[in-house]
Ligand code: SF4
């Protein structure tokens, strides 16, 4: 028993002792953030704005009366100024730096596009830069983790290292990860990677004008976007169709073609639609996971009556025909304030969360019970650890992996379900773009040249859902090397299905 | 530290035992909501553990020994009875009292694979109890020659009268002198004390310059060394260690809060034989270094013999015999202890204790036998007077039949399945007549007796089988078999109980004191009217030859 106080350095002190790698990394991160300040601000405003208007809607519903206009007004004003500020922030890769909208005069020269490039090349360049940025950014985060492991972590090995290593050598999982990153990137950078913007293309078509070269009149003329869209709608006949990778009569480039009347750009629709899908999916899965994890740990820790109650509740929920319940809820709440937030998106997310939780809880229950039986849980009790801390520290880490697996495997189901409900006209109301609506709009044209309207969104859903499932598979195999190769889908296999 | 304890020990030993258990019962109801029979894991035990003593607790799996150990550290709540720790009944503690008491009593688990959270580093694992209890709480003892009332403020708290204080302030002399307990990795220089003295009171303000975080880390390092690990193991994970090393970590964690009492729940049974001895030695050293009191749970009698001062033998929730280790091993008084000891190879080749094999498996603790818990398997069970002289074969058969019927009542399963299981048969019985034949004929079947296959009507077979049985018992047995065949199993069982039962199955024995050192045994045989255990076993074994 020596009396010397051995000093152990905290993370901060360890960094101070060897600041090099950390400094380089932070500088790099700042630089990367600075490059896309505007886009990051836009995303924040979009999210906060959504929440704020939901709050306003809720407040209107709850408080009602004359208080409301002022609150709503304040929020609207605040949002507007925030949007302006966000728009004013510099962006290296943005629509204003690399514009793709312009017109071509008969001499073949493009006006208004980036360096006079053809719109499709300007657009491609922007998309490539955005995805390049995303992957560089993620790589930089990974480098930060490596720097921490190599220079600052006190443990030379942790159980997580093995998982990371196994995930890195799992090609199917990595494929899933790339798909998921592309999807999330599409949602996050929707305003930048779309050929048009949401405001112009969907929400406020009448308020925007575009310039085009009118060959009949032989001059550059202006037309409102609404008008232009009407004239470039895809109706399935040869003359009334703007298909894949085509220009419309107003020199606008449509990578995925246009929708039916009023002929919006499908790619823009899809990119903004990714936002709503991701939002509904992640909120729903977040709710389901939080319920499943919380109840799973409580039932495993206390057993007995707690367990029985949850079994009863989840059985009740599971015995309901979920698709019908969802449709009914959308109908009932369609005029209620809850049904108005995100045009029904929040309602749908909450409902999906509730419908999905019983299954997830059942899947988590086994692992949770198993970890609750471990002696380290008893040990924690024996020295008086609080039960909530015991659950968080000694149980949650062991079910977190399962949560990730089930989460990523079920989010596909929610995306399909949302699209399905919207397809049927119950889910998310216009003008908010939702992939399912595109599918339903194009349904009548599948056999015509306008096949792209239904097919592309359908294909994209398949790819995204597969991606999430692949990621889930990868996480599962990384967590539990024994499951590799053999079929454990009975145990850990909530694959994404419909609602 | 050791000097401190030695100073304390003499005064404390006079206070009586550290742990005293009275009429303790722990029942579990695992059957769900509908009030099924609870599992009577611990069914009324009394004993005491002295300070600094190691009490061994031995029993087969399912005897309730682990539940008893867990109840002592309040991991299970007692159904009835009390556990006095230093005179306080800890079964009634709750909230912060319970939490404070938990510092005093810790447990080391059986399986070091399961007792350490693999997602935490060794350092975090050992440190967690310290964090939970806000260790150290800088308890301050003020030694005032004038005995004035003392108040403590600042970082310190006032020490409880009996506890070793973290900081001791001596007021005699011009300036107060400060001493810091050895367990804290800091010197008196880090403690700043300001004293303001009034005529009737003293207020002491303490400020400590070292952070609790540093003290805890230092404490963990010191614990690592204490249990034979190294400082650099702090940041490793359990997976990087061998079983023996992990058990050392578990031991270090249990010692972190400086407990007085440690329950060791089969601490070496999951380990390689080669490291078992090392861990046992470590436990022994720690006991003498820190003056610990142990309850050592084991199913391995040989381990117990070397490490324990006294041993308690448990069967089906009851303590069958408890006493000084050597004495109990040399001269077991209880039939159960006797049978257990005869099953381990005798290290002394001159001692010719015969091996006794126990029939069947222990009954379910949901439905223990009435009377003595061992009565369904006891080889020297007391017989009613009229059957005292029947031969061993007859008695065995009667007991076997009773066991079959008993199990049949316990669980609603086919009687044949149980009979088969009991007799270790693979194939066989078509019906109960086969069972009877198997049970009562000397070599298990009628074939050797020349009963023609064609003649084998049920009645003939039963008569044939009972031929081997002592005539005194034949009549009631025949009647019982016929009742079973008439589907009146319960009546058959009752008839057998009525005819063949003695005190063993009817009355709970008492804990008879059987030696000068205070050993007790839970058995009717110690009543004056019956033969002693040793005599009974001698008779049994000689008749078997
Ligand atoms: S009381 Fe009877 S059955 Fe129990 S141990 Fe003693 S002799 Fe055996």
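Residue check: is residue B:134 at pLDDT 85 or above, assigned by TED's automatic domain parsing to the domain that holds residue B:205 and under 42 Å from the mean Cα position of the chain (by Cα)?
Numbers: at pLDDT 85 or above: yes; assigned by TED's automatic domain parsing to the domain that holds residue B:205: yes; under 42 Å from the mean Cα position of the chain (by Cα): yes.
Here the answer is yes, as residue B:134 does meet what is asked.
Modelled with pLDDT under 75 and either away from the ligand (no atom under 16 Å from the Cβ) or not in a helix (DSSP H, G or I) (or both): does that describe residue B:347?
Yes.
So which residues in segment B:518-539 are near the ligand (Cβ under 10 Å from one of its atoms) and either within 19 Å of the chain's Cα centre (by Cα) or buried (at least 19 other Cβ atoms within 10 Å of the Cβ) (or both)?
Matches in segment B:518-539: B:521, B:522, B:523, B:524, B:525, B:526, B:533, B:536.
Identify all residues within segment B:98-140 that are closer than 17 Å to residue A:393 by Cα, out of contact with any helix residue (DSSP H, G or I) (no Cβ under 6 Å at 6 or more places or on another chain) and in a loop (DSSP other than H, G, I, E, B); write none if there are none.
Within segment B:98-140, B:120, B:133 meet the criteria.
Take the conditions facing chain A (nearest Cβ under 9 Å) and either on the phi > 0 side of the Ramachandran plot or part of a helix (DSSP H, G or I) (or both) and apply them to residue B:252. Does it pass?
Numbers: facing chain A (nearest Cβ under 9 Å): no; either on the phi > 0 side of the Ramachandran plot or part of a helix (DSSP H, G or I) (or both): yes.
When the stated conditions are applied, residue B:252 does not pass them.
Residues in segment B:246-268 that are out of contact with any strand residue (DSSP E or B) (no Cβ under 7 Å at 6 or more places or on another chain) and under 26 Å from residue B:61 (Cβ atoms): how many?
6
Take residue B:302 and decide whether it is modelled with pLDDT under 90, within 21 Å of the chain's Cα centre (by Cα), more than 19 Å from residue B:64 (Cα to Cα) and away from the ligand (no atom under 14 Å from the Cβ).
It is true that residue B:302 is modelled with pLDDT under 90, within 21 Å of the chain's Cα centre (by Cα), more than 19 Å from residue B:64 (Cα to Cα) and away from the ligand (no atom under 14 Å from the Cβ).
When you check residue B:87 against the structure, is it under 35 Å from the mean Cα position of the chain (by Cα) and more than 9 Å from every other protein chain (Cβ to nearest Cβ), yes or no? Walk me through how you get there before you give the answer.
On the way: under 35 Å from the mean Cα position of the chain (by Cα): yes; more than 9 Å from every other protein chain (Cβ to nearest Cβ): yes.
Yes; evaluated as a whole, the condition is true for this residue.
Suppose we filter B:139, B:96, B:153 for residues that are more than 30 Å from residue B:365 (Cβ to Cβ), at pLDDT below 95, surrounded by fewer than 16 Cβ atoms within 10 Å (Cβ to Cβ) and away from chain A (no Cβ under 11 Å); which single one remains?
Numbers: B:139 fails: surrounded by fewer than 16 Cβ atoms within 10 Å (Cβ to Cβ); B:96 fails: away from chain A (no Cβ under 11 Å).
Among B:139, B:96, B:153, only B:153 is more than 30 Å from residue B:365 (Cβ to Cβ), at pLDDT below 95, surrounded by fewer than 16 Cβ atoms within 10 Å (Cβ to Cβ) and away from chain A (no Cβ under 11 Å).
Looking only at segment A:145-159, filter to residues that are part of a helix (DSSP H, G or I) and over 31 Å from the mean Cα position of the chain (by Cα); which one of those is nearest to the other protein chains (Cβ to nearest Cβ)?
A:152
Name, by its number, the condition in (1) within 26 Å of residue B:391 (Cβ to Cβ); (2) away from the ligand (no atom under 15 Å from the Cβ); (3) modelled with pLDDT under 85 that does not hold for residue B:487.
That leaves (1) as the condition not met.
Would you point out which residue out of B:358, B:340, B:316 is over 29 Å from residue B:487 (Cα atoms), within 15 Å of the ligand (Cβ to nearest atom) and without any contact (Cβ under 8 Å) to a residue 24 or more places away in the chain?
B:358
So is residue A:329 free of Cβ contacts under 8 Å to residues at least 24 places away in the same chain, within 24 Å of residue A:407 (Cβ to Cβ) and more than 30 Å from the chain's Cα centre (by Cα) or not?
Spelling it out, it is not the case that residue A:329 is free of Cβ contacts under 8 Å to residues at least 24 places away in the same chain, within 24 Å of residue A:407 (Cβ to Cβ) and more than 30 Å from the chain's Cα centre (by Cα).
Hand me the list of helices (runs of 4 or more DSSP H) wholly inside segment A:336-412 holding 3 or more residues that are away from chain B (no Cβ under 14 Å) and at negative phi.
In segment A:336-412, A:345-372 are the helices (runs of 4 or more DSSP H) which contain 3 or more residues that are away from chain B (no Cβ under 14 Å) and at negative phi.
From the list A:326, A:278, pick out the single residue that is part of a helix (DSSP H, G or I), in contact with a helix residue (DSSP H, G or I) (Cβ under 6 Å, 6 or more places away or on another chain) and modelled with pLDDT under 85.
The match here is A:326.
What are the residue pairs meeting all of these: first residue in segment B:499-523, first residue modelled with pLDDT under 95, second residue in a helix (DSSP H, G or I) and more than 12 Å from the ligand (Cβ to nearest atom), Cβ atoms under 6 Å, and 6 or more apart or on different chains?
Note: pairs meeting the criteria are B:499/B:476; B:500/B:398.
Filter segment B:379-405 for residues that are over 19 Å from residue B:440 (Cα atoms) and within 13 Å of the ligand (Cβ to nearest atom) and give the result.
Result: B:380, B:381, B:382, B:384.
Could you count how many residues in segment B:496-510 are near the ligand (Cβ under 10 Å from one of its atoms), assigned to a loop (DSSP other than H, G, I, E, B) and closer than 20 Å to residue B:477 by Cβ?
1
Checking the conditions here, which among B:289, B:333, B:327 is away from the ligand (no atom under 16 Å from the Cβ), over 17 Å from the mean Cα position of the chain (by Cα) and closer than 20 Å to residue B:355 by Cα? Reasoning before the result, please.
Numbers: B:289 fails: closer than 20 Å to residue B:355 by Cα; B:333 fails: away from the ligand (no atom under 16 Å from the Cβ).
Just a single option satisfies the conditions, and that option is B:327.
Can you tell me which residue among B:144, B:131, B:97 is within 30 Å of residue B:191 (Cα to Cα) and in contact with a strand residue (DSSP E or B) (Cβ under 7 Å, 6 or more places away or on another chain)? Working first, answer last.
Values: B:131 fails: in contact with a strand residue (DSSP E or B) (Cβ under 7 Å, 6 or more places away or on another chain); B:97 fails: in contact with a strand residue (DSSP E or B) (Cβ under 7 Å, 6 or more places away or on another chain).
None of the other options fit; the residue is B:144.
Could you list all residues from segment A:2-60 that are within 14 Å of another protein chain (Cβ to nearest Cβ), over 17 Å from residue A:153 (Cβ atoms) and at pLDDT 75 or above?
none
Of everything in segment A:219-274, what is without any contact (Cβ under 8 Å) to a residue 60 or more places away in the chain and part of a loop (DSSP other than H, G, I, E, B)? Give them in sequence order.
A:232, A:233, A:239, A:240, A:242, A:248, A:249, A:261, A:262, A:263
From B:258, B:266, B:222, grab the single residue that is closer than 19 Å to residue B:135 by Cα and away from chain A (no Cβ under 11 Å).
Of the residues listed, the single one that is closer than 19 Å to residue B:135 by Cα and away from chain A (no Cβ under 11 Å) is B:258.
Any idea how many residues of segment B:184-209 are within 13 Å of chain A (Cβ to nearest Cβ), outside any helix (DSSP H, G or I) and surrounded by fewer than 18 Cβ atoms within 10 Å (Cβ to Cβ)?
2
Among the numbered conditions (1) under 30 Å from residue B:87 (Cβ atoms); (2) loosely packed, with under 14 Cβ neighbours inside 10 Å; (3) within 14 Å of chain A (Cβ to nearest Cβ), tell me where residue B:160 comes up short.
(3)
Residues in segment B:380-394 that are buried (at least 20 other Cβ atoms within 10 Å of the Cβ) and more than 18 Å from residue B:507 (Cα to Cα): how many?
Our first condition is that a residue be buried (at least 20 other Cβ atoms within 10 Å of the Cβ); within segment B:380-394, this holds for B:380-382, B:394.
Retained after the next criterion (residues that are more than 18 Å from residue B:507 (Cα to Cα)): B:394.
Selection size over segment B:380-394: 1.
The values are calculated or read from the model by the stated rules, or taken from the named source; none is laboratory data. Computed from a prediction, not measured in an experiment: that's the story for all the values here. For neighbour counting, all protein chains shown are included, and Cβ atoms are generated from backbone atoms with ideal geometry for every residue, glycine included.
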